[in-house]
Amino acid sequence: ATIKRNAQSLLQQVNDLLDLARIDAAQMPLVYVCADLVGLLREVAEGFQAVAEERTISLALVGEESLDVDVDRAKFVRIITNLLSNAIKFTPRGGRIRCAVELCPNERALISIQDNGPGVPDHLKRVIFDRYAQANDDLSTKGSGLGLNIVKEFVELHRGTITLLDAPEHGALFQIELPLRAPAGAVVRVRGRRR
């Protein structure tokens, strides 16, 4: 089990490096599909439910009931998976994670992931999305330092933005804003057909 876990971790790091190389070479196209953002967020959150329950962490999804947005489904899932993985890692036993999806007035969607962990120290906030940036050993287990950089790159490929704020009740609050529609001329799949 340890060998398998370590092999999967190494494979993920190699895939992260390959993805970043493709992004740097401008060879990372988006495959747009009109998808329910809330449904995708719920799917990813359900994958973390068992570990959340094991650590008595409350994992809540609030906001819109559904919201159709043009996204690259696989990349959006990676974005949310990385952010929820970090939230689970840093949230203490008995803590809370809150995911929200809101419709903004400027034809954009706002996705928020908030935890009540230790938060991000001020000196790390400026570099948290940089490649190989990592928290100090007292805050984090070992990682590649690529996860949040990939999140930022994937969000920006969608012409969106990501910001890190201090959560109101202590902890970290990541907010992603994405346009609802793909850029003009992009091919978007809608329930098996192209738009």
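Taking strands (runs of 3 or more DSSP E) as the structural unit, those lying wholly within segment 25-124 and holding at least 1 residues that are surrounded by fewer than 16 Cβ atoms within 10 Å (Cβ to Cβ), of a type in the set (Gly, Ala, Ser) and out of contact with any Ser or Thr (no Cβ under 6 Å at 6 or more places or on another chain) correspond to 58-63. Within segment 165-182, the set of residues being open to solvent by 30 Å² or more (accessible area, probe 1.4 Å) and at pLDDT below 95 comprises Leu165, Asp166, Pro168, Glu169, His170. Scanning segment 78-125 for residues being without any contact (Cβ under 8 Å) to a residue 40 or more places away in the chain, under 18 Å from Ile176 (Cβ atoms) and not aliphatic (A, V, I, L, M) gives a total of 6. Evaluate segment 7-24: report whether one residue or more is open to solvent by 30 Å² or more (accessible area, probe 1.4 Å) and within 25 Å of Pro168 (Cα to Cα). For segment 7-24, residues open to solvent by 30 Å² or more (accessible area, probe 1.4 Å) and within 25 Å of Pro168 (Cα to Cα): absent.
The values are calculated or read from the model by the stated rules, or taken from the named source; none is laboratory data. On a predicted model such as this, the values are computed, not experimentally measured, just so you know. Glycine also receives a Cβ, built like all others from the backbone with ideal geometry; neighbour counts cover every protein chain displayed. Heavy atoms of the whole protein, side chains included, go into the accessibility calculation; ligands, DNA and RNA do not. Shrake-Rupley method; radii C 1.70, N 1.55, O 1.52, S 1.80 Å.
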